[in-house]
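Some notes on the structure that comes next.
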């Protein structure tokens with residue numbers, strides 16, 4: 001079993017839809033949770049970062065962490081064609097001093113005009 | 001502007017050849033990482049380095065080698081021992097847990 005599970009999709013939605021992307025994990029030691037966005041043939045870029053449980057909002061994006069369920073989510077409101085990309089969840093052990101991130105497989109999102 | 005530069009963008013390797021992928025950062029980050037990305041498999045860690053002259057194997061280090069002689073540079077050599085090297089290679093750096101990673105734009109390696 002992988003430490004981090006993410007449905008690879010692809011996920012196709014119409015423009016303006018609310019998108020929900022999710023990851024589950026098995027290791028309760030994870031404390032730092034991130035979402036990266038990767039456009040085709042590019043490197044991933046950090047989109048959202050949260051520490052421990054709770055919500056964080058940034059514009060149209062909301063990241064949610066539920067440590068009791070070992071489940072994290074990324075919500076995109078009013079989705080745009082420019083949001084079409086692969087979204088990778090990533091997480092890190094709080095006690096680790098290496099900063100190593102464990103990545104999910106990535107979910108491919110297509111937003112149709 | 002600060003960032004990570006990977007070169008070349010595309011690289012073609014013949015069977016039995018060693019090739020070296022370049023990664024340079026001017027972010028003053030201590031830690032650097034190499035990942036391999038294959039379709040449907042996400043990012044897999046090859047090697048990482050927390051400090052100059054020190055590096056550790058990741059999950060799929062066989063057939064790869066690295067060096068960290070300077071803080072700014074972390075080149076990756078794909079050796080002839082790597083049986084399936086065709087992939088997208090990503091270099092990243094970080095200052096610590098709170099900042100996440102900054103990634104380069106990647107090198108696509110193809111065996112011909």
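Quick note: the coordinates plus some simple rules give every number you see, no bench work behind them. A quick note: this is a predicted structure, and the numbers were derived from the prediction, not measured. FYI the Cβ positions are ideal-geometry reconstructions off the backbone, even for glycines, and counts take in every protein chain you see.
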Convex hull over the alpha-carbon atoms of chain A: what's its volume per residue in Å³?
-> 99
Most mobile of B:57, B:83, B:71 per a Gaussian network model of chain B (Cα springs, under 10 Å)?
-> B:83
Compute the convex hull volume of the Cα atoms of the protein assembly as shown, divide it by the residue count, and report the result per residue in Å³ as a whole number.
-> 124
Given a Förster distance of 25 angstrom, what is the FRET efficiency for residue B:84 paired with residue A:45, based on the Cβ-Cβ distance and rounded to 0.05?
-> 0.35
Work out the P(r) tail for the range B:10-112: percent of alpha carbon pairs separated by more than 23 Å, whole number.
-> 21
Whole-Å distance linking the alpha carbon centroid of the range A:1-39 with that of the range B:50-100 is 25
Take every Cα pair under 8 Å in the range A:39-95 that's 6+ residues apart, average their separations, divide by the length, and report that relative contact order as a whole percent.
-> 25
Debye-sum result for the range B:40-91 in log10 I(q)/I(0), which assumes one identical scatterer on each alpha carbon, at q = 0.13, 0.20, 0.31 Å⁻¹ = -0.31, -0.72, -1.37
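Taking 0.36 nm per intervening residue step and subtracting the Cα-Cα distance, what contour gain separates residue B:22 from residue B:62 on full extension?
Gain on extension, residue B:22 to residue B:62, equals 12.5 nm.
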Extend 7 Å from the Cα of residue A:2 along its Cα-to-C-beta direction; within the range B:59-74, residues with backbone N under 20 Å of that point are B:59-62
Contour minus Cα-Cα span, residue A:77 to residue A:12, at 0.36 nm per residue, comes to 22.0 nm
Quick one: divide the alpha-carbon radius of gyration of the range B:1-59 by 2.2 N^0.38 Å and tell me what you get.
-> 1.29
